[in-house]
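The values are calculated or read from the model by the stated rules, or taken from the named source; none is laboratory data. On a predicted model such as this, the values are computed, not experimentally measured, just so you know. Here Cβ is always computed from backbone atoms with ideal geometry, including for glycine, and neighbour counts include all displayed protein chains.
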Amino acid sequence: MNFKKLAANASKLLVAVATVMIAVPAFAEGYQVNSQSARQTGMGHTGTALKLGAESMLFNPAGMAFMDSKFDISFGITAIKSKVEMNTAPQSQNNVKSVTDNPLSTPLFGYIGYKPCKNLAVGVSITNPAGNGIKWPANWAGATFIQEISLKVFSVQPTVSYKFGDVVSLGAGLMIDFGSFSLNKALLPVGAFDAVGQLMPQLAPAIGSFAGQNPANLLLDGKSKVSIGYNLGVMVNVSKKITLGASYRSKVNLSVEGGDAKVAYANDYAKTVITALSAQQQALKMFSVLDGAKFDASLPIPYILSFGAAYKPTEKWTLTADYQISGWSAYKSLDIVFDETTGGYTSSSVKNYKNSWALRIGAQWDATKFASFRIGGYVDTPPVQMDNYSPETPSATAGCFTFGATLRPAKFLSIDLALAYLSGAKTNGTITEGTSIFGGVYQKSAIMPSFGVRFQL
């Protein structure tokens, strides 16, 4: 039988799949990182109405003006070990269970504050306000949507804060954001070439060499340009016991220009087979066209509006609550534009996120001058719509319980410890791209120990 004719027939079995699978998904679902302070992690990550010294730069820059030392320096790290479990049909005998093997995420934070005079404080911070990492099992059912992803965002924030007497303070900071990401997704599902092997027996041995694998994967890697945003805050001491605060972190658009695209094949046989069939269909030819191409893309880091209240019923106790709104509605779609070597190919992934909210509460007990203890928790709602639910780190209404402690072995030194456990609600979500529908029941969880050191000089 004529090889070219067989190839043409076989390619028809793959073209519809390839046309859909070539689309590139978004980086992540709900990719904010909240663990930017060991002290406040233990207190439900509250802080909008608290006087936190240099760490107020993140939570509410107005609070930094109430620093009670000339220098306030703190830094630390949080280890985030997360897991997502997905069941394609939990009530059916055909259920397929997949569990992520996510790499350990380690957001860093550092704050340096300086108070040159009684009412003025200045400082600079570096934090990881956004990021994510997820790794699904090799060749899993949803590999054409996402296989593995890593997103890292860094923010450098110079800040100034001024208080008017002991009642009102204002603060402002400039957010200098940059980051990087990598993404791996399958271009064709497992078993895509089974029918080809039946039509073309001469190729069956080659196809059998990558049976049970994704024949080809798209790898994207890029670094963002520096983007500028701002952070504003106000704090009011209503009385000696009650403080109110509000802060706003602006939206920032992170843009990647000249990112690298690469196509990785299961083995040399997979590359040979796909190359042979691509001569018949443009959709398959696009695989080789994308290999080595450059791309541009942008990703919004949403605005965050926070309101907080703190209450001190006694000298030893502090109670606080924050309400936070995140402007995810700015994330309508992810458009990735490849360079002219691809003929100007563009991939668009619809997101249509909605704004989300979070409610946080916390309490601190200053047991002695050497030790303080904290407890807290929060509820966080998802930005993603259930009919556009992607496995790129699925979002869900999540509850988090936290506790922590501060040890002060010396007047100038504090050691902060915290532990948080997050559990998301079971969520039944689906996503449709072209004629491909994928979904199931997702559930996520995470454990987050945090460590920090603070110097007051």
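Among the residues of region 265-308, those identified as of a type in the set (A, V, I, L, M) and touching a Ser or Thr at 6+ places or on another chain (Cβ under 7 Å) are 277, 283, 284, 289, 290, 293, 304.
Within region 114-134, restricting attention to residues that are of a type outside the set (A, V, I, L, M) and in contact with a Ser or Thr (Cβ under 6 Å, 6 or more places away or on another chain), which residue is nearest to residue 173 (Cα to Cα)? Restricting to residues being of a type outside the set (A, V, I, L, M) and in contact with a Ser or Thr (Cβ under 6 Å, 6 or more places away or on another chain), the top hit is 123. Are any of the residues in region 438-454 of a type in the set (A, V, I, L, M, F, W, C), touching a Leu at 6+ places or on another chain (Cβ under 6 Å), under 30 Å from residue 351 (Cβ atoms) and at pLDDT 90 or above? Looking through region 438-454, at least one residue is of a type in the set (A, V, I, L, M, F, W, C), touching a Leu at 6+ places or on another chain (Cβ under 6 Å), under 30 Å from residue 351 (Cβ atoms) and at pLDDT 90 or above. Looking at region 87-100, can you tell me whether even one residue there is β-branched (Val, Ile, Thr), under 24 Å from residue 398 (Cβ atoms), modelled with pLDDT of 95 or more and not in a strand (DSSP E or B)? No. So, of the residues in region 183-195 that are surrounded by fewer than 21 Cβ atoms within 10 Å (Cβ to Cβ) and modelled with pLDDT under 90, which turns out to be farthest from the chain's Cα centre (by Cα)? Checked region 183-195; the qualifying residue farthest from the chain's Cα centre (by Cα) is 195.
Does residue 114 qualify as being assigned to a strand (DSSP E or B), in contact with a Leu (Cβ under 6 Å, 6 or more places away or on another chain) and among the aromatic types (Phe, Trp, Tyr)? It is false that residue 114 is assigned to a strand (DSSP E or B), in contact with a Leu (Cβ under 6 Å, 6 or more places away or on another chain) and among the aromatic types (Phe, Trp, Tyr). Considered as a group, the residues in region 201-233 that are part of a loop (DSSP other than H, G, I, E, B) and either of a type in the set (A, V, I, L, M, F, W, C) or under 17 Å from residue 188 (Cα atoms) (or both) include one that is farthest from the chain's Cα centre (by Cα), and that residue is 209. If the requirement is being closer than 24 Å to residue 305 by Cβ and of a type in the set (Phe, Trp, Tyr), which of these qualifies: 230, 265, 269? Every option except 230 fails the conditions. In region 329-350, the condition of being free of Cβ contacts under 8 Å to residues at least 12 places away in the same chain, within 29 Å of residue 450 (Cβ to Cβ), surrounded by fewer than 19 Cβ atoms within 10 Å (Cβ to Cβ) and of a type outside the set (D, E, K, R) is met by no residue. Among the residues making up region 286-302, those that are under 27 Å from the mean Cα position of the chain (by Cα) and of a type outside the set (Phe, Trp, Tyr) are 290, 291, 292, 293, 294, 296, 297, 298, 299, 300, 301, 302. Just to verify a result, which residue in region 117-132, among those that are surrounded by fewer than 22 Cβ atoms within 10 Å (Cβ to Cβ) and in contact (Cβ under 8 Å) with a residue 12 or more places away in the chain, is farthest from residue 394 (Cα to Cα)? Among those residues, the one meeting the criterion is 119.
Where helices (runs of 4 or more DSSP H) fall entirely within region 1-74, none has at least 3 residues that are on the phi > 0 side of the Ramachandran plot and at pLDDT below 95. One residue stands out among those in region 261-289 that are assigned to a loop (DSSP other than H, G, I, E, B) and not polar (S, T, N, Q): the one that is farthest from residue 192 (Cα to Cα), which is 279. Once region 146-175 is narrowed to residues that are assigned to a loop (DSSP other than H, G, I, E, B) and touching a strand residue (DSSP E or B) at 6+ places or on another chain (Cβ under 6 Å), the residue that is surrounded by the most Cβ atoms within 10 Å (Cβ to Cβ) is 146. Does region 149-162 include one or more residues that are more than 22 Å from residue 299 (Cα to Cα), modelled with pLDDT of 95 or more and among the small types (Gly, Ala, Ser)? Looking through region 149-162, at least one residue is more than 22 Å from residue 299 (Cα to Cα), modelled with pLDDT of 95 or more and among the small types (Gly, Ala, Ser). The residues listed here are 68, 101; of these, the one that is surrounded by fewer than 22 Cβ atoms within 10 Å (Cβ to Cβ), among the acidic types (Asp, Glu) and without any contact (Cβ under 8 Å) to a residue 40 or more places away in the chain is 101.
Looking across region 372-427, the residues that are among the basic types (Lys, Arg) and either over 17 Å from residue 86 (Cα atoms) or out of contact with any strand residue (DSSP E or B) (no Cβ under 6 Å at 6 or more places or on another chain) (or both) come down to 374, 408, 411. Would you call residue 348 farther than 28 Å from residue 440 by Cβ, in a strand (DSSP E or B) and either over 18 Å from the mean Cα position of the chain (by Cα) or among the aromatic types (Phe, Trp, Tyr) (or both)? Against the criterion (farther than 28 Å from residue 440 by Cβ, in a strand (DSSP E or B) and either over 18 Å from the mean Cα position of the chain (by Cα) or among the aromatic types (Phe, Trp, Tyr) (or both)), residue 348 does not qualify.
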